[in-house]
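Okay, so here's the structure we're looking at.
The values are calculated or read from the model by the stated rules, or taken from the named source; none is laboratory data. Just so it is clear, the structure is predicted and the values come from calculations on it, not from any experiment. Note that each Cβ is placed from the backbone with ideal geometry, even for glycine, and that neighbours are counted across all protein chains shown. For accessibility, only protein heavy atoms count, side chains too; no ligands or nucleic acids. Shrake-Rupley method; radii C 1.70, N 1.55, O 1.52, S 1.80 Å.
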Amino acid sequence: MSWAVVPGADESAPNPGGAGPILDLADVRKVYATGAAQVEALRGVSLTVDPGEYVAVMGPSGSGKSTLMHILGCLDIPSEGSYRLAGEDVGAMTEAQLADVRNRRIGFVFQQFNLLPSLSAWRNVELPLCYAGVPRQERRARAIQALERVGLADRVDHRPGELSGGQQQRVAVARALVTDPALLLADEPTGNLDSHSTADVLGLFAELHVQGRTIVLITHEHDVAARAGRVVHILDGQVAEDEPAAAVSR
Ligand SMILES: Nc1ncnc2c1ncn2[C@@H]1O[C@H](COP(=O)(O)OP(=O)(O)OP(=O)(O)O)[C@@H](O)[C@H]1O
Ligand SMILES: [Mg+2]
């Protein structure tokens, strides 16, 4: 159940029918070694997130937020500690299993959009479906549907350089949605957007949350965090506070 947007809808998922958190970090540490220097980016983070939660992560620059998101998204692995995703021990997964989880179960949105500049909007959006082996016709149809959903039906053939920042971020959101992932991870998705585009993107996230998706969103902005149900504050690689969003928006 933990993976499914609709409970019980995906019996092929890890932990089908099982209850419990979708994300479960226990005493996670992450050390980066660059030359002789070592940076301890995460210093014992324990965190659980239940299916369907909308969690904002806040904290100063360099506190470890992106590192945390990379681990949550299986883009990187903890140096120590354990991470269970929908009940499965990520540390025990093979590379192929990890790639499958990233492609099919998780949607990523980054501050810098991370679009391929030479590809049109719909070609960018279809990429996760290519990796997932979806047939060509279906890929195009689903990519265009996802772009319609973010209000870009009239921009499907534009390349990123021919779109505004807000439109590029909406393409990135469409790309994150096209696989219909149960988990959406967003790192400063509104950091480069004006207030109008920010409202658009946050509106989309709110819709996805209502539909039952789990969302973890990193932000520096209090009014963005206030849209979530819960705010986790990271300080120096540790969870400093974990509170309902209402308590933050005072
Ligand atoms: N690939 C890396 N190699 C070495 N050190 C890194 C690497 N990535 C991050 N760090 C270091 O780990 C610490 C945490 O970085 P992280 O990117 O997680 O911070 P952040 O909270 O996302 O900051 P920001 O708000 O500026 O994006 C920082 O001190 C950073 O310099
Ligand atoms: Mg960051």
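Take each peptide in 190-196, 95-101, 170-176, count the other Cβ atoms within 10 Å of every residue, and average; sorted highest first, the result is 170-176, 190-196, 95-101. Neighbours of Pro78 by Cβ distance under 13 Å: Lys/Arg scored +1, Asp/Glu scored -1, total -2.
Rounded, prolate or oblate: which fits region 98-161 when a ≥ b ≥ c are the square roots of the eigenvalues of the alpha-carbon gyration tensor, with rounded for a/c under 1.5 and prolate only if a/b beats b/c? Oblate, since a/c reaches 1.5 and b/c is not below a/b.
Can you bin region 42-92 into rounded, prolate or oblate? Criterion: square roots of the alpha carbon gyration tensor eigenvalues sorted a ≥ b ≥ c, rounded for a/c under 1.5, prolate for a/b above b/c, oblate for the rest.
oblate
Dipole of the chain computed with +1 at Lys/Arg Cβ and -1 at Asp/Glu Cβ about the Cα centre; of Val239, Asn103, His158, farthest Cα towards the positive end is His158.
Relative to the Cα centre, the charge distribution of the chain, modelled as +1 at Lys and Arg Cβ and -1 at Asp and Glu Cβ, gives a dipole magnitude of about 600 debye. With R₀ fixed at 41 Å, the C-beta to C-beta distance from Glu80 to Glu148 puts the FRET efficiency at about 0.40.
If both residues of a DSSP beta bridge must be in region 8-156, then about 100% of such bridges are antiparallel. Near the amide H of Gly107, within less than 5 Å, lie the amide hydrogens of Leu183, Leu184, Leu185, all on another chain or at least 5 residues away, with H placed in the peptide plane. Residues whose amide H comes within less than 5 Å of that of Gly44, counting only those at least five positions distant or on another chain, are Val28, Arg29, Lys30 (H built at 1.01 Å from N in the peptide plane).
Each of Ala132, Ala121, Thr94 was scored by the projection of its Cα onto the charge dipole of region 72-165, and the greatest displacement toward the positive side belongs to Ala121; charges sit on the C-beta of Lys, Arg, Asp and Glu. Beta bridges per DSSP, both residues in the chain: antiparallel share near 55 percent.
Please work out whether region 99-216 counts as rounded, prolate or oblate from its C-alpha gyration tensor, where a ≥ b ≥ c are the square roots of the eigenvalues and a/c under 1.5 means rounded, while otherwise a/b larger than b/c means prolate and anything else oblate? Numbers along the way, then the final one.
Working: a/c = 1.55, a/b = 1.08, b/c = 1.44.
Verdict is oblate for region 99-216.
Put Phe110, Phe205 in order of accessible area, highest first, and with a 1.4 Å probe you get Phe110, Phe205. Cα centroids of region 114-133 and region 33-70: how far apart, whole angstrom? Cα centroid of region 114-133 versus Cα centroid of region 33-70: 28 Å apart. The residues of the chain expose, per residue, 45 Å² of accessible area to a 1.4 Å probe. With helices as the sole contributors, the chain gives -9500 deg cm²/dmol at 222 nm; each DSSP H run of n ≥ 4 counts as -39500 (n - 2.57), and the sum is divided by every residue. Positive end of the dipole of the chain (Cβ unit charges, origin at the Cα centre): among Thr67, Pro51, Thr198, the Cα lying farthest that way belongs to Thr198. Charges were assigned to the Cβ only: +1 to each Lys and Arg, -1 to each Asp and Glu. The resulting dipole of region 27-76 about its Cα centre is roughly 200 debye. Of the listed residues Val239, Val224, the order by accessible area with a 1.4 Å probe, largest first, is Val239, Val224.
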